[in-house]
Amino acid sequence: MDIELSHRIDAIQELPGHQDRAWNVAWNPTKALISSCSADKTVRMYSYTDASNSSTPTFSHIATIPTGHTKTVRSIAWAPSGKTLATASFDANIGIWEQEESDENNGEWECASLLEGHETECKSVAYSSSGTLLASCSRDKTVWIWEVHPDADFECLGVLMEHTQDVKCVAWHPEEEILASASYDDTIKMYIDDPSDDWFCFLTLTGHSSTVWSLAWAPKGSYLASASDDKTVRIWRRIAEHKWECTLVIEGNERSVYSVTWGVGKSSSPSLGWLAAVGSDGVVRIWDISENEDSTLQQKLIARLPEAHGVHDINSVAWCPRRGMEDLLATTGDDGATRIWRVQPVS
Amino acid sequence: MAVEVFNPNPVIFAPVKSTKPSSKADNIWVLDPLDIQDEAEEVDSEEPIDEHEIFDLIRSIADPEHPNTLEELRVVSAPQVKIIGNRVHVEFTPTVPHCGMSILIGLSIRVRLLRALPSRFKIDLTLKPGSHQSELAVNKQLNDKERVAAALENPALVQALEQSLANAS
């Protein structure tokens, strides 16, 4: 690119090991742990050394969970406690994984529960911010909401059949019990619980002209970003308690956008945080999102890295959620690798 | 599975002998004359792959419901293959506009190319515009990598694909 960008994306480490396409990566929210899942049906876990104060972390492989899923593990999600990992598989099941008690944090990861119910491939799974709810979605067009009970016991609170096609992604609001889902039917839907009745869909967001692959709430929750096969990232603004509208369309991706993540970032000026998106064009793009005085949104491309996984598609991207490490980014790709990056100002 | 034959009487076309640009007569569909010169420098491993080679990979795929190849049924043809950089675009034409086999045919083309081409190539697959009553739905499904990946973990579907690909040379 000819434009001079304010930041650069430095490679920290490559974490190889999956024997097939890596679909998803998830940082543990409380511990120095990151995990990835793959079409090879495994989950790989890595620990890392301190990454705050700009010291460069080192990642080490500490465990591989064979999972026992009979098909691709498509996505993974950590509970907010950091103690439980959920896996969503093309075998239509959700796995719940917990580590055996041990002194040195090296206990085996065991399947504490297997949630059955979806008819076809599960595509995404997500814990609510309190950790008391879990959502899953599938090609069977449904979104399931589960209540998390002690001892890895789960109760299905609702099956939402609002989408007309596969549901690709579910994402909970960072503070409230609002669930968003994205679909092959090109729409995004939002759901809340009716205290006297069931969970229901209160809003459908239309605007994307093809599959919506991924959702990311802004850290403060008043915005939602969505990534689509239509090559755009859209940002939706909350304009009333139960009302959202599209406020920004970010173009620039050359092919399908598969994943988007919104972190607080390390901006020097007032900012809504850093948004990163990846996809089939293999480029990592990072924007600083800020509000103008008239409260319209502004996106500024601050960094861009082509061929981040060589010639391969990039399937997922995630900001490190841990304090002091908001400039760390992880990506996974069709090369089976997870790559760790640090976004730094160009000095 | 009860098999519905979507087109009981397809028109069969004679295959061309080779699409390799070995003689000028075979080059009627070459769009860019520079492609011919690539043949002369067939040494490098980074040798560019041209439309002819892509077509050679898919022409002998068997049709799922007839004892013919996709080339013989004119489902695929050399001019329907385009390469720009690392992007391969293959257009194909179902024999009838209600062809229920279009997804399977498309998957067989995609799998053939995924297996044979270096991973740097991104493959886009579309029906010939106007050739199918569910054109957009078929195109969307064939280019959704997640759906394709899931389909390739379905044993019944993989078995059908392997049959189509068994004699593909």
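Brief remarks on what is shown
- Screening the range A:22-51 for residues that are over 17 Å from residue A:318 (Cα atoms) and in contact (Cβ under 8 Å) with a residue 24 or more places away in the chain and picking the one that is farthest from the other protein chains (Cβ to nearest Cβ) gives A:42.
- Selection from the range A:310-346 of residues that are within 14 Å of chain B (Cβ to nearest Cβ) and surrounded by fewer than 23 Cβ atoms within 10 Å (Cβ to Cβ): A:310, A:311, A:312, A:313, A:334, A:335, A:336, A:337
- Taken together, the residues in the range A:64-74 that are in contact (Cβ under 8 Å) with a residue 40 or more places away in the chain and within 14 Å of another protein chain (Cβ to nearest Cβ) amount to 4.
- Test set (1) surrounded by 15 or more Cβ atoms within 10 Å (Cβ to Cβ); (2) within 21 Å of the chain's Cα centre (by Cα); (3) away from chain B (no Cβ under 14 Å) - residue A:158 fails condition number: (2)
Okay, residues lined up against (1) touching a residue at least 40 places away in the same chain (Cβ under 8 Å); (2) surrounded by fewer than 17 Cβ atoms within 10 Å (Cβ to Cβ):
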position	(1), (2)
A:76	yes, no
A:79	yes, no
A:85	yes, no
A:91	no, no
A:94	yes, no
A:116	no, yes
A:119	no, yes
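- Flag if residue A:336 is at pLDDT 95 or above, assigned to a loop (DSSP other than H, G, I, E, B) and more than 18 Å from residue A:5 (Cα to Cα): yes
- Tallying residues that are hydroxyl-bearing (Ser, Thr, Tyr) and more than 14 Å from chain B (Cβ to nearest Cβ) within the range A:199-210 yields 2.
- Exactly one residue out of A:257, A:249, A:346 is touching a Lys or Arg at 6+ places or on another chain (Cβ under 8 Å) and closer than 30 Å to residue B:119 by Cβ, and it is A:257.
- Listed here are the strands (runs of 3 or more DSSP E) enclosed by the range A:93-174 that have at least 3 residues being within 26 Å of residue A:259 (Cα to Cα): A:94-99, A:122-127, A:133-138, A:143-149, A:167-172.
- Number of residues in the range B:53-79 that are in a loop (DSSP other than H, G, I, E, B) and more than 24 Å from residue B:149 (Cα to Cα): the value is 8.
- Residue check, residue B:90 at negative phi, at pLDDT 95 or above and part of a strand (DSSP E or B): yes
- Residue satisfying condition, being modelled with pLDDT of 95 or more, of a type in the set (Lys, Arg), outside any loop (DSSP other than H, G, I, E, B) and more than 27 Å from residue A:168 (Cβ to Cβ), within set B:82, B:140: B:82
- In the set B:145, B:140, only one residue is within 14 Å of chain A (Cβ to nearest Cβ), within 19 Å of residue A:39 (Cβ to Cβ) and either among the basic types (Lys, Arg) or surrounded by fewer than 16 Cβ atoms within 10 Å (Cβ to Cβ) (or both); that residue is B:145.
- For first residues located in the range A:211-225 and within 14 Å of chain B (Cβ to nearest Cβ) and in a loop (DSSP other than H, G, I, E, B), partners that are polar (S, T, N, Q) and surrounded by fewer than 24 Cβ atoms within 10 Å (Cβ to Cβ) and lie 6+ apart or on another chain with Cβ distances below 8 Å form the pairs A:211/A:256.
- Any hit, the range A:250-263, residues being more than 15 Å from residue A:169 (Cβ to Cβ), more than 14 Å from chain B (Cβ to nearest Cβ), more than 19 Å from the chain's Cα centre (by Cα) and part of a strand (DSSP E or B): no
- Taking the criterion of being within 14 Å of chain B (Cβ to nearest Cβ) and either under 15 Å from the mean Cα position of the chain (by Cα) or under 16 Å from residue A:172 (Cα atoms) (or both), the residues of the range A:75-91 that qualify are A:75, A:88.
- Selection status of residue A:56, of a type in the set (Val, Ile, Thr) and modelled with pLDDT of 95 or more: no
- Every pair of residues 6+ apart whose Cβ atoms lie under 6 Å, when the first sits in the range A:239-262 and is hydroxyl-bearing (Ser, Thr, Tyr) while the second is part of a strand (DSSP E or B) and surrounded by fewer than 19 Cβ atoms within 10 Å (Cβ to Cβ): A:247/A:237; A:247/A:297
- Candidate set from the range A:177-197 (those that are in a loop (DSSP other than H, G, I, E, B) and modelled with pLDDT of 95 or more); member that is nearest to residue A:245 (Cα to Cα): A:187
- Against the criterion of being more than 14 Å from every other protein chain (Cβ to nearest Cβ) and in contact with a His (Cβ under 6 Å, 6 or more places away or on another chain), residue B:48 does not qualify.
- Residue within the range A:128-150 that is modelled with pLDDT under 95 and away from chain B (no Cβ under 14 Å) present: yes
- For the range A:279-296, filtered to residues that are in a loop (DSSP other than H, G, I, E, B) and surrounded by fewer than 17 Cβ atoms within 10 Å (Cβ to Cβ), the residue that is nearest to the other protein chains (Cβ to nearest Cβ) is A:296.
Okay, residues lined up against (1) in a strand (DSSP E or B); (2) within 14 Å of chain B (Cβ to nearest Cβ); (3) in contact with a Cys (Cβ under 9 Å, 6 or more places away or on another chain); (4) within 18 Å of residue A:173 (Cα to Cα):
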| position | (1), (2), (3), (4) |
| --- | --- |
| A:236 | yes, no, yes, yes |
| A:248 | yes, no, no, no |
| A:274 | yes, no, no, yes |
| A:277 | yes, no, no, no |
| A:304 | yes, no, no, no |
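- Of the residues in the range A:187-197, not one is closer than 23 Å to residue B:122 by Cβ and either crowded, with 21+ Cβ neighbours inside 10 Å or of a type in the set (Gly, Ala, Ser) (or both).
- Residue B:109 falls short on exactly one of the conditions (1) within 14 Å of another protein chain (Cβ to nearest Cβ); (2) in a helix (DSSP H, G or I), and that condition is (1).
The values are calculated or read from the model by the stated rules, or taken from the named source; none is laboratory data. Keep in mind that this is a model prediction, so the values were computed, not measured. Counting neighbours? That spans all protein chains shown, and the Cβs are built from the backbone with ideal geometry, glycine included.
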